[in-house]
Structures are given as C-alpha cells and as structure tokens.
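To keep things clear, I will list the structure first and then write my remarks on it.
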Amino acid sequence: MSDTLALAEQVSRIARAAGSAILTIYQQDFAIYDKADKSPLTEADLAAHNIIVAGLNEISDLPVLSEESATIAWAERRDWQRYWLVDPLDGTKEFIKKNGEFTVNIALIENGHPVLGVVYAPVLDSLYVGVVGEQAYKENQGQRAALKPAFHQPGDEWKIVGSRSHQSPEIEDFLAQLDGDKELVAMGSSLKLCLVAEGRAHLYPRLGPTSEWDTAAAHAVVLAAGGNVTELAVGQRIHEATKPLVYNQKESLLNPFFLVSAHASGQ
C-alpha cells in the first residue's frame, strides 16, 4: 500500500468518526432547523469540524481550511501548496429533510488540484475514497467496490444529475445540446459528483453557486475513478469545457460553474 493510500485510510476513519457525531444529533427530535447559534445543524457542523481538525492535526502538519474556519485570509492561504479542504457537513437541505443525503467531505489539495478525497454519507453508510492516479472505491455496509464512470453510448438515454423539479433556463439550454432521451437523476450534497464517479450518471452540469469545500473531496473521487471536472460557462458546449476546476487560486472561495463528466477533458 502506498503512503497516500495509507493516508486515505486514516482520513476515512476521521470522516467516519465525524459522521458518527453528526448522527447523534441528527437522530434527535428537533424543530429548529435554521443555521443559527445552538441549532442542531450548527451543533452537528461544529462537532464534525472539531473531530476532523483534531484528527488531521494528528496525522499531518498541513493547514486546514474548513467551511467552519473560512475566515482565513487570502494573504495567508495564497502561499499554501498543500492543505486540507473540508466541509464537515454538506447538504443542509438534506439534513433538514432527514433524507440521509448529506455528507462529510475531506480533501487534500496540492498546487490547486485535489489529489485525495473522502466523502462519507453517515445515514447511508456510504464511503467514497479517491486517490488520484492510484485508486477509487466505494464502501457500503462493509463491501468495497471499485469506481468507474459510465461513458454514454450512442442511442442510450442520457442520465444527468439535476433537480426533479423545474430546471433553470441555463440547464435547459445545456440539455438541448444532447441528442436522445434524458433522465434527470436527483441527489443531494457532494453525492451528485459521486454519482458520475460510480457510473450512475453520465454528466453533472452545475450552473449555480458552490464553494470550494463543497466539491473538492468528491472532485478527487471523480478524478481517481477516471472522470473529469471542468469549468463550464453558460452557453458553453460540452466539448468546449476543457479547463480543469482548481482550488485556492483566487481570493474568493466560490467555484465557477462546472461540468462533471466521465470523459477526459470534458469530451
């Protein structure tokens, strides 16, 4: 086992511990859902954040950028070559709805690119792990399986990660360039990217706001599985989306729009 794969095993244990802490709060009866001080959601966020930061500090001396510590100044983080990028609890709506589709996300970023990612959905007991250039797999209820994206074949129905409800005009324009029938596959949180990594969807076009911590861990999983995540401008066609999505290259922590695909370079 390589050092990076061994590191991924350690990070997976940290993600599972954070998920367990979230579940303790999630399984309680509560009526206040807005993310205000002392709300169950904030308690779950902070509990997971504290476990993850403590765990990462035990296994490395790299800085940690988390949604719960996003006030770190650009002047400080702009020189980071390697760091951890964390979303302790991704999927606020899913947490509130109690549909189980929320995740713990931990990514290792090197020179702007995710090289290791762990995504854990505690309710589903689904763990996605990606080490770019080495291995990508999913563990579910003790069973491990390799991840492999599915290439769309001519004549097949397109499976597109999206909303079950009304689509934005931008998404409708994007879908119009695809020939044939289309099925929208709905999923919450960073699991949307994981659907492409495991071949349950062909594409995930994101023409809406996300933050860097929302995507980094699952981005690594997609890359390790053989897929790709590229910037996508409104009106841009699939074959034109070739610029890789990168991290910590600007002051803002918001991502540009992007496309998750089974095809290299967005082809």
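Calculate one ³J(HN,Hα) per residue across region 131-138 by plugging θ = phi - 60° into the Karplus curve 6.51 cos²θ - 1.76 cosθ + 1.60, and present them in order as whole Hz with x for glycine and proline.
Listing the rounded values in order: 10, 4, x, 10, 7, 9, 8, 10 Hz.
For LYS182, what residues show an amide H to amide H distance below 5 Å, using hydrogens built from the backbone and excluding near sequence neighbours?
TRP158
Leaving out ligands, DNA and RNA, and with a 1.4 Å probe, what % of the accessible surface on the chain is carbon or sulfur? The partial results should precede the final answer.
Numbers: 5880 of 12110 Å².
For the chain, the apolar C and S fraction of the accessible surface comes to 49 percent.
Excluding GLU231 itself, what net charge comes from residues whose Cβ is under 14 Å from its Cβ, given Lys and Arg +1 and Asp and Glu -1? Please report the intermediate quantities before stating the final value.
Working: positive: ARG206, ARG237, LYS243, LYS250; negative: GLU212, GLU240.
Taking every Cβ under 14 Å from that of GLU231, the sum is +2.
On a 0 to 90 degree scale, rounded to 10, what angle separates helix 212-225 from the longest Cα axis of the chain?
60 degrees
Using Cα pairs closer than 8 Å and at least 6 residues apart in sequence, work out the relative contact order for region 112-180, in percent. All intermediate terms of the calculation are to be shown ahead of the outcome.
Working: 62 pairs, mean separation 11.7, N = 69.
The normalised contact order for region 112-180 reaches 17 percent.
Excluding ligands and nucleic acids, what accessible area in Å² is computed for ASP125 using a 1.4 Å probe, to the nearest 10?
The accessible area comes out at roughly 50 Å².
With +1 on the Cβ of every Lys and Arg and -1 on the Cβ of every Asp and Glu, and nothing else charged, how large is the dipole of the chain about its Cα centre, in debye rounded to the nearest 20? Write out the running numbers ahead of the final one.
Numbers: 22 positive and 35 negative charges, 59 e Å.
So the dipole magnitude of the chain works out to roughly 280 debye.
ALA6 to PHE151: FRET efficiency via 1/(1 + (r/R0)^6), r the Cβ-Cβ distance, R0 41 Å, to the nearest 0.05?
Working: r = 31 Å, r/R0 = 0.77.
Calculated transfer efficiency: 0.85.
How long are the semi-axes of the equivalent ellipsoid of region 207-267, defined as square roots of 5 times the Cα gyration tensor eigenvalues? Whole Å, largest first. Could the numbers behind the result be given before it?
Values: eigenvalues 62, 45, 15 Å².
Each semi-axis is √(5λ); the values are 18, 15, 9 Å.
Can you put LEU116, LEU23 in order of accessible area, largest first, using a 1.4 Å probe?
Values: LEU116 0, LEU23 35 Å².
The ordering from most to least exposed comes out as LEU23, LEU116.
For ILE22, ILE238, what's the largest-to-smallest order of accessible area, 1.4 Å probe?
On the way: ILE22 0, ILE238 25 Å².
In descending accessible area the options line up as ILE238, ILE22.
Tell me the per residue accessible area of the chain using a 1.4 Å probe; a whole number in Å² is fine. Present the calculation step by step, with values, prior to reporting the outcome.
Working: 12110 Å² over 267 residues.
Per-residue accessible area for the chain comes out at 45 Å².
So, how do all the Cα-to-Cα distances of region 67-169 break down into 10 Å bins, in percent, from 0 on up?
Each 10 Å bin holds this share of Cα pairs: 12, 30, 36, 20, 2, 0.
Show the residues, 5+ positions off or on another chain, whose built amide H is closer than 5 Å to the amide H of LEU203.
Under 5 Å from the amide H of LEU203: LYS159, VAL161.
Would you work out which of MET1, PHE151, SER60 lies farthest towards the positive end of the dipole of the chain? Charges go on Cβ: Lys and Arg +1, Asp and Glu -1.
Ranked along the dipole, the leading option is PHE151.
For the chain, build the charge dipole from Cβ charges (+1 Lys, Arg; -1 Asp, Glu) around the Cα centre, then report which of ALA48, LEU191, ALA107 sits farthest towards its positive end.
Of the candidates, LEU191 comes out farthest on the positive side.
Note down the relative contact order for the chain as a percent, whole number, built from C-alpha pairs under 8 angstrom at least six residues apart.
Values: 612 pairs, mean separation 46.2, N = 267.
Relative contact order for the chain comes out at 17 percent.
At a 1.4 Å probe radius, which order do HIS239, HIS219 fall into by accessible area, largest first? Before the final figure, lay out each step's value.
On the way: HIS239 100, HIS219 5 Å².
In descending accessible area the options line up as HIS239, HIS219.
When all protein chains stay in place, what accessible area (Å², nearest 10, 1.4 Å probe) is found for ASP173?
110 Å²
Which of rounded, prolate, oblate describes region 150-218, given a ≥ b ≥ c as roots of the alpha-carbon gyration tensor eigenvalues and a/c under 1.5 marking rounded, otherwise prolate only if a/b is larger than b/c?
Details: a/c = 2.09, a/b = 1.30, b/c = 1.61.
Judged from the Cα gyration tensor, region 150-218 comes out oblate (a/c at least 1.5, b/c at or above a/b).
Using bins 5 angstrom wide from zero, how does P(r) for region 112-259 break down, in % of all Cα pairs?
2, 10, 19, 23, 22, 14, 9, 2, 0
The values are calculated or read from the model by the stated rules, or taken from the named source; none is laboratory data. Remember, it's a predicted structure, so these values are computed and weren't measured experimentally. Cβ atoms come from the backbone with ideal geometry, glycine included; neighbour counts cover every protein chain shown. Heads up: the accessible areas ignore ligands, DNA and RNA and are worked out on the full protein's heavy atoms, side chains in. Shrake-Rupley method; radii C 1.70, N 1.55, O 1.52, S 1.80 Å.
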